[in-house]
1. Using the Karplus curve 6.51 cos²θ - 1.76 cosθ + 1.60 with θ = phi - 60°, work out ³J(HN,Hα) for each residue of segment 184-190 in order, rounded to whole Hz, and write x for Gly and Pro.
2. Please give the contour-minus-distance gain from ARG97 to ASN77: 0.36 nm per residue of separation, less the Cα-Cα distance, rounded to one decimal in nm.
3. Starting from the Cα gyration tensor of segment 165-232, take the square roots of the eigenvalues, sort them a ≥ b ≥ c, and report rounded, prolate or oblate (rounded when a/c is under 1.5, otherwise prolate if a/b is larger than b/c, else oblate).
4. For the charge dipole of segment 78-142, defined by +1 on Lys and Arg C-beta atoms and -1 on Asp and Glu C-beta atoms about the Cα centroid, which residue among GLN92, ILE140, PRO104 has the Cα displaced farthest towards the positive pole?
5. Want the number for THR227 to GLN84: 0.36 nm per residue separation, take away the alpha-carbon distance, what's left?
6. So, R0 is 35 Å and r is the distance between the beta-carbons of VAL211 and ILE128; what FRET efficiency does that work out to, to 0.05?
7. Just to verify a number: FRET efficiency for SER143 and ASP180, C-beta to C-beta distance, R0 = 30 Å, to 0.05?
8. What's the center-to-center distance, using Cα atoms, between segment 72-123 and segment 190-207 in Å?
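We did not get these values from a lab; they are worked out from the coordinates using the rules stated. Fair warning: this is a prediction, and the values are worked out from it, not measured in the lab. Virtual Cβ from ideal backbone geometry, glycine too; neighbours counted across all protein chains shown.
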Amino acid sequence: MPRRSHTARDAHRGVFADALVNHRREVVGVVMATAATLAIFINALFLQSGPHPAPMFATRVPMRALPPAAVAPPQNNAAELARQTQVIADIQRELSRRGFYDGPADGLWGAKTDIAVRDFLQAAGLKIGTDAKDALLRAISASNVKAANRSPAAAANSDPIAQLLAPSNRVVSIQRALADFGYGQVKASGVYDPATRVAIETFQRDRRLPVTGVISDDVVRELVTVTGRPLE
């Protein structure tokens with residue numbers, strides 16, 4: 001009996017050795033498959049912290065859509081515009097008290113306000129840009145300069161001929177613009193004189209306008225374009 005069992009065991013060993021020799025690839029494949037199966041079971045039962053059975057490969061967690069960044073509201077300029085309007089109105093009131101301005105204190109920077117400011121700056125001997133509204137208001141408020149009484153203009157109200165020869169705010173603004181941009185030694189007197197005529201003719205040649213020496217609407221429009229400021 002023991003001899004039979006040894007004989008069977010030797011036979012099984014012979015079959016296994018024969019299979020290992022003659023079918024080496026198949027045996028290696030079976031061994032690897034068995035090892036992979038064992039690795040899967042061990043990983044699923046002992047090495048994973050999540051619920052079982054857990055996937056072998058981690059799935060990609062979808063990213064949550066982030067809320068849109070808060071867009072800063074556009075800056076509200078209404079308060080600054082209101083402040084600038086108030087500053088201009090205060091400038092007009094101060095100029096009116098000193099006799100340089102005879103218009104309404106409406107807070108709008110028009111030709112009258114521009115001429116009045118330039119008259120004040122010339123009378124006070126100051127050099128302040130017209131864009132510096134706050135500095136202008138402080139300078140006007142601190143100054144005791146008064147506008148000179150223009151008696152020729154007052155006389156012109158009752159004399160048609162004198163009215164033509166009286167100083168004109170329109171001529172003053174044009175003379176200043178011509179002088180500022182180098183068109184001759186023009187004095188801002190408000191009176192259309194030979195120097196003003198020569199300066200207008202030079203300006204008309206440069207701007208390719210009909211050379212007449214006359215203050216026309218075309219001259220005024222071109223001066224507004226060149227200077228970038230109102231003239232009337």
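1. So the J values, rounded to whole Hz, are x, 8, 9, 8, 7, 8, x.
2. Numbers: separation 20, 0.36 × 20 = 7.20 nm, distance 3.05 nm.
Contour length minus the Cα-Cα distance gives 4.1 nm.
3. It is rounded, given that a/c, with a ≥ b ≥ c, falls under 1.5.
4. The one lying farthest along the dipole's positive direction is ILE140.
5. Working: separation 143, 0.36 × 143 = 51.48 nm, distance 2.21 nm.
Contour length minus Cα-Cα distance gives 49.3 nm.
6. For VAL211 and ILE128, the calculated efficiency is 0.45.
7. 0.85
8. So the two Cα centres are separated by 30 Å.
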